[in-house]
């Protein structure tokens, strides 16, 4: 786990009067709060689709702790959040897919899984859906879909691509898009989904994640926390001493 830790030198504890001890506590608390805000701001700037996942680890119930009057610890919790922070190498996603609770098996006993991809519409933004938005011409066609039909004929302009591993995809990214309509009490929402199949017989070079370098937010937050603490501690001390 990555953490920012603020400690007041223990030598202070024996000589500080009660009002100065209170000032020290306040300085540690305000420093951690400011550092948490700085951390969140850095995450907002450096992540998009996985931003919410990371922030969950930063806002866990035990992410901020005060073991004693002179110590404060701000911790990033969770394996995935820390992977986004520190980075991770390329890996074969098929291993995880095979262990999914939704995996199915064919007559020969081979496993397979259908992976849904939500296609973002033009002009939308946010962390919920990744990748580039559909081109305007694709979106215009997708909006006209009815009755569970799928979009076809897109590969002339948007042909299947080759992945970074050298794997040749079997279909274009927009081929087979389906319009999914969800009705709520006060609104109707359309989503556009495409689906890909992965399984035991998938090409060994397919379904590889290229890895992630990590956002290294701690490299921004840690020096910020230290400089902030120095400023606020001096202020609280001066205020306490009149």
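The values are calculated or read from the model by the stated rules, or taken from the named source; none is laboratory data. Note that the coordinates shown come from a computational prediction; the quantities given were computed from them, not determined experimentally. Here the Cβ positions follow ideal geometry from the backbone for every residue, glycine too, while neighbour counts run over all protein chains shown.
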> residue 22: surrounded by fewer than 16 Cβ atoms within 10 Å (Cβ to Cβ), in contact with a strand residue (DSSP E or B) (Cβ under 9 Å, 6 or more places away or on another chain) and over 22 Å from residue 212 (Cα atoms), yes or no?
Replying inline: no
>> Just to be sure before I move on: is residue 182 over 23 Å from residue 91 (Cα atoms) and at pLDDT below 95 in the structure I sent?
In response: yes
> Among the listed residues 127, 132, which satisfies the condition of being at pLDDT below 95, assigned by TED's automatic domain parsing to the domain that holds residue 198 and more than 15 Å from residue 172 (Cα to Cα)?
Replying inline: 127
> Which members of segment 95-113 meet the condition of being surrounded by 12 or more Cβ atoms within 10 Å (Cβ to Cβ) and either part of a strand (DSSP E or B) or not assigned by TED's automatic domain parsing to the domain that holds residue 203 (or both)?
Replying inline: 111, 112, 113
> Looking at residue 119, is it in contact (Cβ under 8 Å) with a residue 40 or more places away in the chain and more than 24 Å from residue 202 (Cβ to Cβ)?
Replying inline: no
>> With the structure loaded, tell me whether residue 34 is surrounded by fewer than 14 Cβ atoms within 10 Å (Cβ to Cβ) and in a helix (DSSP H, G or I) or whether it fails that test.
In response: no
>> Can you find, within segment 56-69, the residue that is surrounded by the fewest Cβ atoms within 10 Å (Cβ to Cβ) among those that are free of Cβ contacts under 8 Å to residues at least 24 places away in the same chain and within 14 Å of the chain's Cα centre (by Cα)?
In response: 59
> Tell me, which residue of segment 71-94 that is in contact with a helix residue (DSSP H, G or I) (Cβ under 6 Å, 6 or more places away or on another chain) and under 30 Å from residue 25 (Cα atoms) is surrounded by the most Cβ atoms within 10 Å (Cβ to Cβ)?
Replying inline: 72
>> Tell me the residue from 166, 211 that is at pLDDT 90 or above, on the phi > 0 side of the Ramachandran plot and touching a strand residue (DSSP E or B) at 6+ places or on another chain (Cβ under 7 Å), please.
In response: 211
>> For the list (1) modelled with pLDDT of 95 or more; (2) buried (at least 16 other Cβ atoms within 10 Å of the Cβ), I need the number of the one condition that residue 45 fails.
In response: (2)
> When only residues in segment 188-240 that are closer than 27 Å to residue 138 by Cα and free of Cβ contacts under 8 Å to residues at least 24 places away in the same chain count, which is farthest from the chain's Cα centre (by Cα)?
Replying inline: 188
> Restricting the search to segment 41-82, which residues are part of a helix (DSSP H, G or I) and more than 28 Å from residue 229 (Cβ to Cβ)?
Replying inline: 52, 53, 79, 80
>> Tell me yes or no: at least one residue of segment 63-76 is out of contact with any strand residue (DSSP E or B) (no Cβ under 9 Å at 6 or more places or on another chain) and in the same structural domain as residue 20 (by TED's automatic domain parsing).
In response: yes
